[in-house]
Amino acid sequence: MSIENVLEKVKLYLPPDKVKLIQEAYEFSRDSHQGQKRLSGEDYIEHPLQIALTLAELHLDAASISAALLHDVSENCGVAIIDIETRFGAEVARLVDGVTRLGKIAWAGEDIARRESQAKNLRKMLVAMAEDIRVVFIKLADRLHNMQTLDVMPPQKQQSIAQETLEIYAPLAHRLGIGEIKWQLEDLSFRYLEPEKYKQIAKLLARRRIEREDFITQVVKTLKEDFAKTGLKADIYGRPKHIYSIYQKMGKYESVGKQFDDIHDLLAVRILVDTVTDCYNALGIIHTLWHPMPDEFDDYIANPKPNGYQSLHTTVMFNGTTPLELQIRTVEMHNFSEYGIAAHWRYKEGAKEDIRFEERISWLRQLIDWHREFSGAEEFMESVKTDIFNDQVFVYTPKGEIKDLPRGATPLDFAYRVHTELGHHCVGAKINGKLMPLNYRLNNGDIVEIMTVKSGKGPSQDWLRRNLGYVNTSGAREKIRQWFKKQNYQENADRGRELLDKELKRLGIKVQDREGLAKLFKYETTDDFLAAIGYGGLSAHTVVMRMVAQSDVGKIVSQVPQTKTAPSTIKVLGVGDMLTRLGECCHPVSGDAIIGYITRARGVTVHKTDCPNVIHEREKERLIEVEWGNAEAVFAAKVQVEAWDRVGLVRDITSVVAEEKVNITSVSFNNRNDHTTLTMLNLETSGLSQLSRIMEKVEGVRGVIGVSRVGDEAIIKPNPVA
């Protein structure tokens, strides 16, 4: 590619002096990178050129495109930022410096111990974005080209970069409203994370391409004829759904027993008109032509999405047989849907202050507030992922004020969004005039009234338990934690000890060195560590999972359930492949400390190291070292559920387990005289992490008193150095 490709784009919307600045930036970058190559073997200048082309397609300003061309000359060529300022001006130099600083961010991998580092880096990135959002436009374009050339990387690196792109960069592009970059990042990530599923969907789409094209031709022809009768002018075209969005839709369809061929809305028809009035006129004509499907209409013109997106969405039954999705918007709305906040620069030259742009970046200012409010980087990262990247719902106060909250928010989340004290004193909620539980999930248009008492004791510790679903936004969760943190120190420590003991007992784990465990989490004393658990600064579940991952037991492997026998998941050290099976006496699970016992005719039986059969074994020479491997397998685990007996109890428990796609090999019951029942479940799990997650969810089932793992305790000594 040459600079001419970029210049052709920018000449359409920039004056000659700005085009000249971009030309000069290119020549300086080309000379600075002379002789440098990328891993693919192409000249390095190709990378900044591709980034500049992406920004030109977004119609960004000359300073952004110039900075994109120069973004690596400081880091890779040793050019000082002051020299860039002297040659190209302070604005370009500031953008180059911002991109350079973001480029030094080293994202953490899957290692639990490095998540704090990743959280800090996300904080830096988002705060930099709030200072000058164009820095992140350049970073997104940079990531897009890196994803387009990811083939040269080793497979493990491909997976890591793709996962990071799907979790961080694609949601960020969505939040900024840049649909064009968002869907490309999602599809490219999906291609590397799930290559077989990607190819499968691509083939299915190719198979039905001609059928879809004929269908769209028929729809467009009908609409144009009816629009012409009323004098309505519109551009009409079909837009295919992207591969990753189809994959997500397939998951929803499979959950209700439908297949790919049942998905009719693989594409949408987009209608572009001149005015808002034309949008509603077009909608009226469409609903006259075809019957609209109930609950399939969204007015994002009257109620725009938080990222500024505006459009009318409706789904109709085309000719009474086929569901058809239509999107109606003005040309200006379309530009904002494709370019998001970047479209601001399209109208910036010579224009007055853009009020709508200021409204669209108000959530960035919220980032700055959170940057000051949240004490820990991990809490900040959690808040960004849940409160900013998630879809929104719009609800009303009793006075008619509108509040936007992440989808899945509850009345308690609403109360804390209005005012901290309102949340602390909340005892109930009315939704649309009716009393509803505090873990009710809010819907668009709900009118929320919070009931309070002045003499209340404050938040309940249960509000922080995720499985109960009382609070689903990080802002509310952090305010509750801060309330508990201010309470009596010793009460927090006692509560933390109780919560940790409960989690350890539930998973059948015993800790030898609690002081070492506190040091693992960088607390000076055990009481400080326990107090943090007590006020909600640390989750007992997180503590146990990290402790197991960094202890001498070894890291928990992430596996997919496969077969009852799990020979390939065990490595017999110093011997090679041998027939192995898991001991029925102690049911070891991935993450447990294990040892092998050489049988006379059935290979090696794997036991937990503290299994009584191992401890009392007389022929010690038959014991052999083994370790968990990386093969996909399932692990048997016995779980005891104590609950108040009621109709539907077992159904509700097994439904929770089924949601995790875990097999139940057997269920037994023991009804007791006090109207309680003991239910014993034999499960096939992928490891300790999944087992803990299931137990926490089962504990949230109505009537359940307690859930615990049956078997001997695994003794773990934390390794603070890890």
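Quick note: the coordinates plus some simple rules give every number you see, no bench work behind them. Owing to the predicted nature of the structure, the values given are computational and were not obtained by experimental measurement. Using ideal geometry, Cβ is built from the backbone for each residue, glycine included, and neighbour counts are taken over all protein chains shown.
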Qualifying GluC sites (Glu not before Pro) for the range 1-102 [loop in DSSP, other Cβ within 10 Å: at most 14]: Glu42
Distant-in-sequence amide H partners of Ala268 (H built 1.01 Å from N, under 5 Å): Arg239, Lys241
Residues in the range 223-243 reached by a label modelled at Tyr280 [backbone nitrogen below 18 Å; 7 Å Cα→Cβ]: 232-233
Hz values of 3J(HN,Hα) by residue in the range 487-498 - Karplus curve (6.51, -1.76, 1.60), Gly and Pro given as x: 6, 4, 4, 5, 4, 5, 5, 5, 5, x, 4, 5
Amide H contacts of Met293 (H built 1.01 Å from N, under 5 Å, at least 5 apart or other chain): Thr315, Val316, Met317
Two-site FRET efficiency, Asp494 against Arg672, from Cβ-Cβ distance with R₀ of 30 Å, rounded to 0.05: 0.50
Extended-chain gain in nm, criterion 0.36 nm per residue less alpha-carbon gap, Tyr396 and Asn319: 23.9 nm
Computed lengthening from Ser655 to Glu642, 0.36 nm per intervening residue step minus Cα-Cα distance: 3.0 nm
Estimated vicinal HN-Hα couplings, Hz - the range 291-304 in sequence order (Karplus 6.51, -1.76, 1.60; Gly, Pro = x): 6, x, 7, x, 6, 10, 10, 10, 9, 8, 7, 5, 10, x
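At 0.36 nm per residue, and after removing the present C-alpha to C-alpha distance, how many nm does the segment from Asp462 to Lys197 gain when stretched out fully? All intermediate terms of the calculation are to be shown ahead of the outcome.
Details: separation 265, 0.36 × 265 = 95.40 nm, distance 3.99 nm.
Extending this stretch completely gives an extra 91.4 nm.
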Label-point separation, Arg514 to Leu435 (7 Å along Cα→Cβ), nm: 4.1
Cα gyration tensor shape for the range 489-550, rounded if a/c is under 1.5, else prolate or oblate: oblate
Distance in nm between pseudo-label sites at Arg207 and Ser245 (7 Å out along the Cβ direction from Cα): 2.3
Residues with amide H under 5 Å from that of Ile509, placed H, sequence gap 5 or more: Ala714
